[in-house]
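Please read the structure below before turning to the comments.
The values are calculated or read from the model by the stated rules, or taken from the named source; none is laboratory data. These numbers come from a predicted model, not from an experiment. With ideal geometry, Cβ positions are generated from the backbone for all residues, glycine too; neighbour counts draw on all protein chains shown. Ligands, DNA and RNA are stripped out before the accessible areas are found, and what is left, the full protein with its side chains, is counted by its heavy atoms. Shrake-Rupley method; radii C 1.70, N 1.55, O 1.52, S 1.80 Å.
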Amino acid sequence: MDEKRRRARVQGAWAGPAKPASRPASQPVLPTAKPQRWGGDPVIPDKRFVYKEPGEVNRRVPEPRVIEKDGTYEISTSPTGVSRLRLFPVFIDPKEADWMFEQLQREIPWRQKTNVGPDGSYQEPRLTCWYGEVPYTYARSTMQPNPHWHPLLTMLKDRIEEISGFTFNSLLCNLYRHDKDSIDWHSDDEPNLGKNPIIASLSFGETRVFQMRKKPPAGEHGDYTYVEHLHVPLDHGTLLLMEGATQEDWQHRVPKEYHDRRPRINLTFRTMFPEGKK
Ligand SMILES: O=C(O)CCC(=O)C(=O)O
């Protein structure tokens with residue numbers, strides 16, 4: 001058990017015999033209970049478990065909150081401002097979403113990216129494709145500008161701009177081929193995205209759980225044990241908007257799963273600024 005959890009456990013100790021309560025002057029003095037002997041066996045005096053205030057408040061790992069209904073959710077208001085999600089579960093109706101999924105799976109030039117992590121380079125466990133006028137760098141590997149948008153992607157961008165009131169100039173397409181494809185904890189906070197970026201995330205195909213966790217306050221020294229978690233199941237045709245301080249105050253991921261999962265496509269529309277123009 002880690003040190004923090006160990007310290008957070010309820011502490012207590014076995015105390016000696018209970019002290020008699022203070023006696024009003026009018027009450028007779030009764031003989032105090034003494035250890036007795038029956039047939040020679042000693043009887044252990046009565047002992048009680050006494051609760052001692054633990055050094056640290058007893059903390060629980062919070063259950064994740066599940067967000068799955070249509071609506072606007074203010075998920076936090078600090079430390080850097082309001083973080084907001086907007087969920088549109090049937091943004092694309094299922095029949096239309098079926099043919100869109102097929103077109104995108106077949107016609108997007110999917111590639112596997114080589115990223116660089118603390119232990120060296122590794123193949124990202126999903127396929128991606130980048131659209132936009134500027135390059136996009138994450139995990140120390142850069143995707144080159146690609147201004148040749150597929151017409152279906154342009155049409156989806158227009159529909160999202162209409163409903164959200166925001167405009168977008170870039171798109172990261174992700175293809176999760178099976179249950180072991182995933183993306184680890186991160187925030188979309190690269191400098192080119194500017195402050196408080198709006199991310200519009202549209203999903204097709206298999207439902208995968210989009211998980212979010214609040215960044216811990218400075219006093220926790222980067223320990224995420226007790227932070228809030230959100231689970232947003234993103235299914236076929238669902239649109240999720242992340243707004244305000246969401247990228248600064250939260251992280252997200254799509255974890256691996258351990259049962260058969262069919263392919264899933266996720267499109268994350270963003271606005272990228274050329275270097276130095278935010
Ligand atoms: O697949 C998703 O729903 C999220 C993708 C994502 O977080 C990313 O590519 O930055």
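In a DSSP loop and with at most 11 other Cβ atoms within 10 Å, the trypsin sites (Lys or Arg not before Pro) in the stretch 108-143 are ARG140.
The ellipsoid that matches the Cα gyration tensor of the stretch 72-270 has semi-axes, each √(5λ) in whole angstrom, of 25, 20, 18, with the longest given first. From most to least packed by mean Cβ count within 10 Å, the peptides 196-204, 178-186 give 196-204, 178-186. List the GluC sites (Glu not before Pro) within the stretch 55-145 that DSSP assigns to loop and that have no more than 16 neighbouring Cβ atoms inside 10 Å. Filter output for the stretch 55-145: GLU56, GLU68, GLU133.
Cross-link pairs exceeding 26 Å in C-alpha to C-alpha distance, out of LYS113/LYS256; LYS69/LYS215; LYS69/LYS214; LYS215/LYS256; LYS157/LYS256; LYS95/LYS157, comprise LYS157/LYS256. With q set to 0.18 Å⁻¹, the log10 of I(q)/I(0) for the stretch 129-224, from the Debye formula over equal scatterers at the Cα positions, is -1.12. Over all other residues within a Cβ to Cβ distance under 11 Å of PRO135, the charged ones net out to -3, with Lys and Arg as +1 and Asp and Glu as -1. Rolling a 1.4 Å probe over the heavy atoms of the protein chains gives the stretch 72-270 an accessible area of 45 Å² per residue. If R0 equals 35 Å, the separation of the Cβ atoms of GLU74 and LYS52 corresponds to a calculated FRET efficiency of about 0.30. Here the Karplus relation 6.51 cos²θ - 1.76 cosθ + 1.60, evaluated at θ = phi - 60°, turns the backbone of the stretch 101-118 into coupling constants of 4, 4, 4, 5, 4, 7, 9, 7, x, 5, 9, 9, 8, 9, 9, 10, x, x Hz, with x for every Gly and Pro. With all protein chains in place and a 1.4 Å probe, the accessible surface of the stretch 143-278 carries 54 percent carbon and sulfur. Once you list every other residue whose beta carbon is under 9 Å from the beta carbon of TYR258, what net charge do they have if Lys and Arg are +1 and Asp and Glu are -1? Combined, the nearby Lys, Arg, Asp and Glu give 0.
Rg and Dmax over the alpha-carbon atoms of the stretch 154-278 stand at 15.3, 46 Å.
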